[in-house]
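The values are calculated or read from the model by the stated rules, or taken from the named source; none is laboratory data. It should be emphasised that the depicted structure is a prediction, and the values quoted were computed from it without experimental measurement. Glycine also receives a Cβ, built like all others from the backbone with ideal geometry; neighbour counts cover every protein chain displayed. With ligands, DNA and RNA removed, areas are computed over all heavy atoms of the protein, side chains included. Shrake-Rupley method; radii C 1.70, N 1.55, O 1.52, S 1.80 Å.
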Amino acid sequence: SLSLFSKDKQHWSGYKSACKICAKSDWVKWKTANLDKYRKDDRKRHYIRTYNLDPELADQLVQNRIGECAICGSVSPLVVDHCHTTGKVRGLICSSCNSVLGYSKDNIKTLESAITYLKDFYG
């Protein structure tokens, strides 16, 4: 029955050549055998879709995840930091620094107050 097959506009029949069950099984086998490639491709699609990045830049971000954080200078896996207001990518930073910016809601006054607080404590 055709209901067992997914539609495919590119195939001459209008349906995929493998049934839904076989196609899913083939996909799971491929994904298991190519997990690293799948994860990188998935992350690249995420960068393109979420941050509206050029595919080449998204690929560079995926390939160059280990690096020096622009804030603290630690060498670790980096994450994409973006402005929540404009959606523009600001750069690559470590997840700890990204959390600091996120929890402070990118508020410069809050971050300055945190610096003053630490300076007062450590004198």
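Accessible area per residue for the chain, computed on protein heavy atoms with a 1.4 Å probe, is 79 Å². Tilt of helix 35-51 relative to the longest C-alpha principal axis of the chain, in degrees (0 to 90, nearest 10)? Result, in degrees: 70. Taking the protein heavy atoms of the stretch 30-123 in the context of the full set of protein chains, the accessible area attributed to carbon and sulfur is 54 percent at 1.4 Å.
Relative protection proxy for 70-79, 83-92, from highest mean packing down: 70-79, 83-92 (other beta-carbon atoms within 10 angstrom).
Computed from backbone phi with θ = phi - 60° and the Karplus coefficients 6.51, -1.76 and 1.60, the 3J(HN,Hα) list for the stretch 70-76 is 5, 9, 9, x, 5, 9, 7 Hz; x is used for glycine and proline. Neighbours of Cys97 by Cβ distance under 14 Å: Lys/Arg scored +1, Asp/Glu scored -1, total -2.
In this view, the solvent-accessible surface of His82, computed with a 1.4 Å probe and all protein chains in place, comes to about 40 Å². With both labels modelled 7 Å from their Cα along Cα-to-Cβ, the Lys20 to Leu118 distance reads 5.4 nm.
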